[in-house]
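Take a look at the structure set out below.
The values are calculated or read from the model by the stated rules, or taken from the named source; none is laboratory data. Here the structure is a predicted model, which is why all the values come from computation and not from measurement. So basically every Cβ, Gly included, is an ideal-geometry build from the backbone, and we count neighbours across all protein chains shown. When the accessible area is computed, the model is the full protein with side chains, heavy atoms only, and any ligands, DNA or RNA have been set aside. Shrake-Rupley method; radii C 1.70, N 1.55, O 1.52, S 1.80 Å.
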Amino acid sequence: MIDYLIEASDPQAHLYRITLKVPRPDPQHCLSLPVWIPGSYMVREFSRHLSRLRARQGTRECRVEQRDKCSWSVECHGSQTLELSYEVYAFDTSVRTAFLDDRRGFFNGTSLCLQVDGREGEPHRLRIGTLPKGWQVATAMPSTARRHEYLCADYAELVDHPVELGRFWRGEFRVRGVPHEFVVAGAWPGFDGERLLADVRASARRR
């Protein structure tokens with residue numbers, strides 16, 4: 001499967017480090033970063049925040065060539081797994097891109113996860129690396145039995161689930177057997193989470 005490891009490598013510099021592994025690579029692989037996010041299809045330039053893109057197979061470096069603003073090609077040698085590493089600058093507090101500092105993090109897959117052209121329909125796994133002490137992960141992405149590991153049917157499902165990182169309030173309840181969950185980032189000490197859950201639960205039951 002296509003595998004991503006996301007690491008909050010340098011929160012003070014607002015940098016995520018991403019390692020992407022592609023098994024059984026083609027002689028030449030094309031990779032791209034979307035210019036959109038699900039639900040908002042205005043053209044965006046997420047790729048301008050991507051830097052230090054390198055590729056290798058084992059100990060052998062692979063040639064990387066930028067084709068245009070948001071796509072790259074990689075020359076591979078044999079069937080050994082292709083491993084790419086790069087950094088993404090994340091300092092946008094909106095919900096459209098990505099953010100990281102020493103208090104919290106947030107990202108959409110289209111901001112961080114290069115798409116392996118021609119392999120979009122394969123299963124995609126996303127793993128969150130070591131986080132600052134006390135940080136949690138919140139996402140609706142399907143999780144596995146392993147901590148901070150998520151598995152999606154394809155690239156489209158992967159980028160359809162934003163991810164929140166940090167210390168936050170979390171609460172959940174069920175209505176007619178359906179689980180509901182709230183995550184509130186930056187909740188103040190007196191935040192009344194139980195009242196929020198009770199109000200929403202009552203509203204959901206009336207539907």
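A residue that is acidic (Asp, Glu) and in a loop (DSSP other than H, G, I, E, B) cannot be found anywhere in segment 130-151. Val95 - would you say it is touching a residue at least 24 places away in the same chain (Cβ under 8 Å), open to solvent by 60 Å² or more (accessible area, probe 1.4 Å), within 28 Å of Val137 (Cα to Cα) and not in a strand (DSSP E or B)? Yes; evaluated as a whole, the condition is true for this residue. Has segment 137-157 got any residue that is touching a His at 6+ places or on another chain (Cβ under 6 Å), under 30 Å from Pro27 (Cβ atoms) and either among the hydroxyl-bearing types (Ser, Thr, Tyr) or surrounded by 15 or more Cβ atoms within 10 Å (Cβ to Cβ) (or both)? Yes, segment 137-157 has at least one match. Consider segment 161-207 and keep the residues that are under 30 Å from Ser111 (Cα atoms) and acidic (Asp, Glu). The one that is most open to solvent (accessible area, probe 1.4 Å) is Glu172. Among the residues of segment 105-125 satisfying the criterion of being of a type outside the set (Val, Ile, Thr), in a helix (DSSP H, G or I) and touching a residue at least 60 places away in the same chain (Cβ under 8 Å), which is farthest from Ile2 (Cα to Cα)? The residue in question is Ser111.
Restricting the search to segment 55-81, which residues are farther than 23 Å from Val35 by Cβ, open to solvent by 40 Å² or more (accessible area, probe 1.4 Å) and part of a strand (DSSP E or B)?
Those that are farther than 23 Å from Val35 by Cβ, open to solvent by 40 Å² or more (accessible area, probe 1.4 Å) and part of a strand (DSSP E or B): Arg56, Arg60, Glu61, Glu75.
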